[in-house]
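First the structure, in the form of structure tokens, and then the observations on it.
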Amino acid sequence: MIEYENLSAVNKEFENEYKKFFNDFIDSGWYILGKSVEKFEKDFATFVEVGDFIGVASGLDAIILSLEALDFPFNSEIIVPSNTYIATILAIIKANLKPILVEPDIFTYNIDPHKIEDKISKNTRAILIVHLYGKACDMDSITEIANKYSLNIIEDCAQAHGAKYKNKHVGSFGIGAFSFYPTKNLGALGDAGGILVNDEKLTNKLKSLRNYGSSKKYINDYIGMNSRLDELQAGFLSIKLKKLNDITQHKRDLASIYFTLLKDDFVKPVVEDDYFDVYHIFQIRHEKRDEIKEYLLKNGIKTEVHYPVPPHKQKAMKNILQGEYPISEKIHKEVLSLPISFCHNANDIEKVCKVLNEF
């Protein structure tokens, strides 16, 4: 059986370093906001070559805190793609703001810049983009629109660690919110997240907001929350970060096999100049998605669907997200995620291609 993902196998390479760090961690007696968090924050900021990085408890919290730090008026409108994972939209709602959905490009799956301006109103305060599946958005066009209307840019980089647009890392165009959920290219051994900023005042505010709104013990300047990156996860992440470029290259090598061997009957990811894709997910589209998924499973290959239900069709979003989004619905109905993990090898991917082509 070719698993879609095997986290035990992915983390096997790091096991000895993890265990050594864990023993040192136990002996240190310091378990919250200590040297491990500080180290990972510095390491990740160095990796993306810009600004400061603030560790928080999850990717969802990273977006919520990014929005709250900007102090938008209650119910301000935030532009967001209609086909994102629901966490992006939940963050907007949790921050007491209003999500305004914009359809994606049918081939890149990222927000379509040509559709953004039609959704901007006097209440719009920010564009919350999502670098979906590990592909950067069209940042030239989005930045131009943001500047034209004096809007903030917040980047959901949960699936795009190391992805670049014109040699510039995602997360460095605005405020970058990251998730380090275990399945990510840079995955922790539990929940973890962080925020990339290039503004000292905002850095200090976010550090307070993640810690009950306090920068000095028992002194609270903001209405904050408990969203601190765990010392243990920070240590694991620093270990794995050293191999992130290798992980990325491995996934890019596997993607090249799909591009070479997979028939054009399947809609494959778009490859473009100026974009460095990291393939957190390798997605194909086909009208017979469900049949293909079942066929692959019968032939010993597991796949996933990211995501089966679009946000505006979720029960939780009833009376919150209005309108019709046919492009999003088409994507959610047809997209299929193929195995492309650090634990897979070329033979695995060649087998997936063979079975798909036989279908």
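What follows draws every value from the coordinates through simple rules; no lab data is involved. No experiment lies behind these values; they were computed from the predicted model shown. Glycine gets a Cβ as well: all are built from the backbone with ideal geometry, and neighbour counts include every protein chain shown.
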* Pick out which of GLY300, GLY235, GLY174 has the largest mean-square fluctuation in a Gaussian network model of the chain, springs linking Cα atoms closer than 10 Å. => GLY300
* Asked: Amide H to amide H under 5 Å from ILE100: which residues, 5+ apart in sequence or cross-chain, H placed 1.01 Å off N in plane?
  -> ILE78, ILE79, VAL80
* **Computed Rg/Rh of the chain, alpha carbon atoms with Kirkwood Rh** => 0.97
* **Unsatisfied cross-links (Cα-Cα over 32 Å) in the set LYS168/LYS302; LYS20/LYS42; LYS243/LYS313; LYS166/LYS315; LYS243/LYS330; LYS318/LYS354** => LYS168/LYS302; LYS243/LYS313; LYS166/LYS315; LYS243/LYS330; LYS318/LYS354
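Per DSSP helix of 4 or more residues, -39500 (n - 2.57); summed, then divided by the residues of the chain. What does that give at 222 nm, rounded to the nearest 500?
The helix contribution divided over the chain gives -11500 deg cm²/dmol.
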* Work out the charge dipole of the chain with +1 on the Cβ of Lys and Arg and -1 on the Cβ of Asp and Glu about the Cα centre, then indicate which of SER214, LEU7, ALA126 is farthest towards its positive end. => SER214
* Structure fact -> Restricted to the chain, the DSSP antiparallel beta bridge percent, nearest 5, is 60
* Structure fact -> Charge dipole of the chain built from unit charges on the beta carbon (Lys, Arg +1; Asp, Glu -1), centred at mean Cα; most positive-end Cα among ALA95, ASN110, SER328 is ALA95
* By average C-beta atoms within 10 angstrom, highest first, the peptides 122-135, 188-201 -> 122-135, 188-201
* Asked: If contacts are Cα pairs under 8 angstrom and at least 6 residues apart, what is the relative contact order of the chain in percent?
  -> 23
* To do: Counting only DSSP beta bridges with both residues in the range 53-147, tell me the antiparallel percent, nearest 5.
  => 10
* Could you give the size of the charge dipole of the chain about its Cα centre, using +1 on the Cβ of each K and R and -1 on the Cβ of each D and E, expressed in debye and rounded to the nearest 20? => 680
* Based on DSSP H assignment, which helices of the chain show an axial Cα extent of at least 24 Å together with a mean Kyte-Doolittle hydropathy greater than or equal to -1.0? -> 244-261
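Could you give the size of the charge dipole of the range 244-358 about its Cα centre, using +1 on the Cβ of each K and R and -1 on the Cβ of each D and E, expressed in debye and rounded to the nearest 20?
Charge dipole of the range 244-358: 540 debye, to the nearest 20.
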* Most fluctuating residue given options PHE282, PHE53, PHE72, as computed from a GNM of the chain linking Cα atoms under 10 Å -> PHE72
* Classify the range 205-262 as rounded, prolate or oblate, taking a ≥ b ≥ c as the square roots of the eigenvalues of its Cα gyration tensor: rounded when a/c is under 1.5, otherwise prolate if a/b is larger than b/c and oblate if not. => prolate
* Taking the Cα centre of the range 1-101 as the origin, how large is its charge dipole in debye, to the nearest 20, when only Lys and Arg (+1) and Asp and Glu (-1) carry charge on their Cβ atoms? -> 200
* To do: Could you estimate the translational diffusion coefficient of the range 244-358 from the Stokes-Einstein equation, with Rh from the Kirkwood formula over C-alpha pairs, at 20 °C and 1.002 mPa s, in whole µm²/s?
  => 139
* Asked: Dipole of the range 240-355 (Lys/Arg Cβ +1, Asp/Glu Cβ -1, origin at the Cα centre): which of VAL305, GLN249, CYS353 lies farthest to the positive side?
  -> VAL305
* Asked: In a solvent-free Debye calculation with one equal scatterer on each Cα, what is log10 I(q)/I(0) for the range 94-155 at q = 0.23, 0.27 Å⁻¹, listed in the order of the q values?
  -> -1.01, -1.33
* Asked: Based on the mean of other beta carbon atoms within 10 Å per residue, what is the order of 18-29, 204-215, 82-93, 259-270, most packed first?
  -> 82-93, 204-215, 259-270, 18-29
